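Beneath this line is the structure, given in structure tokens, with notes to follow.
The values are calculated or read from the model by the stated rules, or taken from the named source; none is laboratory data. Keep in mind it's a predicted model, so treat the numbers as computed, not measured. Using ideal geometry, Cβ is built from the backbone for each residue, glycine included, and neighbour counts are taken over all protein chains shown. Accessible surface areas use protein heavy atoms only, side chains included; no ligands, DNA or RNA. Shrake-Rupley method; radii C 1.70, N 1.55, O 1.52, S 1.80 Å.
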Amino acid sequence: MTWTLLTAEAFGALRSLPDDHVDAVICDPPYSSGGAFRGDRTRSTTSKYVGNSVALERPDFLGDTRDQRGHLTWSSLWLTECLRVSKAGAPVCVFTDWRQLPVTTDALQAAGWVWRGIVVWDKTEGVRPVLGRYRPQAEFVVWGSKGPMPVKPGLPALPGVYRFVSNGRRKTHIAEKPLELMRALVRICPPGGVVLDPFAGSGTTGVAALAEGRRFLGFELHPGIAEAARERLRGNDERAGLESSL
């Protein structure tokens, strides 16, 4: 099978994996955005990330209420497990926003990864503008590797900035990233390798990995979201089977 997606809490599921098991870690964990104060952060994810004028029904997700210290501690723990289950030289890519960018870089290094830089996702000018202020149109991917990262012939040089519009109303998960963006990011994993996403959400990382000729292993805590992701991955298998038979 080219993919596996389990309904499971990330930290516990990671501890069940063997050492040196995956070729890349690419994930979009809850990063407790949407507020400057504790009262803001502890609101539901729907109230934080879906505007009042947008009538959309998407399930809330847990783990998005930590302050910076809590986020740093929690991220250091699961990133340490990700390091253990990754092969030597494997890359790691972790989404974050400007609020948690400093502690995400700290957590990556505290867990033992070599921090190698920041990739920018330009969400375009379509994000909500605030008059008299800069548009909040960028999110970030903190990336690194498990120790030295040998140059691999045949793999292309990858961009440091990606410009893709957010999915908007097409999202099935509040924090879902564009498929085109995730397809671009998974290319850092060697062809045929296993991409691990401990926070699989609606399965976009998995769909992108399969589309780019990689395998996928994911965990998602919310049962309803996990099943929707599995349906999406099964649909990808059916489309691939149809294409191969033509």
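Where the second residue is surrounded by 12 or more Cβ atoms within 10 Å (Cβ to Cβ) and among the acidic types (D, E) and the first is at pLDDT below 95 and part of a loop (DSSP other than H, G, I, E, B) and lies in segment 151-163, which pairs have Cβ atoms under 7 Å and are six or more apart or on separate chains?
none
Restricting to segment 82-105, what's the tally of residues that are open to solvent by less than 30 Å² (accessible area, probe 1.4 Å), of a type outside the set (V, I, T) and modelled with pLDDT of 95 or more? Working first, answer last.
Going residue by residue through segment 82-105, those that are open to solvent by less than 30 Å² (accessible area, probe 1.4 Å) are 82, 85-86, 89-97, 100, 103-105.
Next cut, of a type outside the set (V, I, T) only: 82, 86, 89-91, 93, 95, 97, 100.
Imposing the further condition that a residue be modelled with pLDDT of 95 or more reduces the set to 82, 86, 89-91, 93, 95.
Going through segment 82-105 one residue at a time, the tally reaches 7.
Take the residues in segment 106-124 that are surrounded by fewer than 23 Cβ atoms within 10 Å (Cβ to Cβ) and within 15 Å of the chain's Cα centre (by Cα); name whichever of them is farthest from M182 (Cα to Cα). Spell out how you get there, then give the answer.
If we filter segment 106-124 for residues that are surrounded by fewer than 23 Cβ atoms within 10 Å (Cβ to Cβ), which is where we start, we get 106, 109-112, 114-124.
Now restrict to residues that are within 15 Å of the chain's Cα centre (by Cα): 118-121.
Working: I118: 15, V119: 12, V120: 13, W121: 11 Å.
So, considering only residues that are surrounded by fewer than 23 Cβ atoms within 10 Å (Cβ to Cβ) and within 15 Å of the chain's Cα centre (by Cα), the one farthest from M182 (Cα to Cα) is I118.
Filter segment 10-29 down to residues that are more than 15 Å from the chain's Cα centre (by Cα) and of a type in the set (D, E) and give me whichever is surrounded by the fewest Cβ atoms within 10 Å (Cβ to Cβ).
In this case the residue turns out to be D19.
Looking at (1) touching a helix residue (DSSP H, G or I) at 6+ places or on another chain (Cβ under 7 Å); (2) open to solvent by less than 10 Å² (accessible area, probe 1.4 Å); (3) more than 17 Å from P91 (Cβ to Cβ), can you tell me which one A226 breaks?
(1)
Quick check: anything in segment 158-168 touching a Ser or Thr at 6+ places or on another chain (Cβ under 6 Å) and under 26 Å from R66 (Cα atoms)? Steps first, answer last, please.
Here is the first cut: in segment 158-168, the residues touching a Ser or Thr at 6+ places or on another chain (Cβ under 6 Å) are 165.
Adding the requirement that they be under 26 Å from R66 (Cα atoms) leaves none.
Within segment 158-168, none of the residues are touching a Ser or Thr at 6+ places or on another chain (Cβ under 6 Å) and under 26 Å from R66 (Cα atoms).
Determine, yes or no, whether G35 is open to solvent by less than 30 Å² (accessible area, probe 1.4 Å), modelled with pLDDT under 95 and either touching a Lys or Arg at 6+ places or on another chain (Cβ under 6 Å) or not hydroxyl-bearing (S, T, Y) (or both). Can you show your working first?
Working: open to solvent by less than 30 Å² (accessible area, probe 1.4 Å): yes; modelled with pLDDT under 95: yes; either touching a Lys or Arg at 6+ places or on another chain (Cβ under 6 Å) or not hydroxyl-bearing (S, T, Y) (or both): yes.
Against the criterion (open to solvent by less than 30 Å² (accessible area, probe 1.4 Å), modelled with pLDDT under 95 and either touching a Lys or Arg at 6+ places or on another chain (Cβ under 6 Å) or not hydroxyl-bearing (S, T, Y) (or both)), G35 qualifies.
Considering only segment 85-142, state which residues are in a loop (DSSP other than H, G, I, E, B) and among the basic types (K, R). Step through it out loud before you land on a result.
Keep residues of segment 85-142 that are in a loop (DSSP other than H, G, I, E, B), which gives 87-90, 97-100, 111-113, 123-137.
Correct list: K87, R99, K123, R128, R133, R135.
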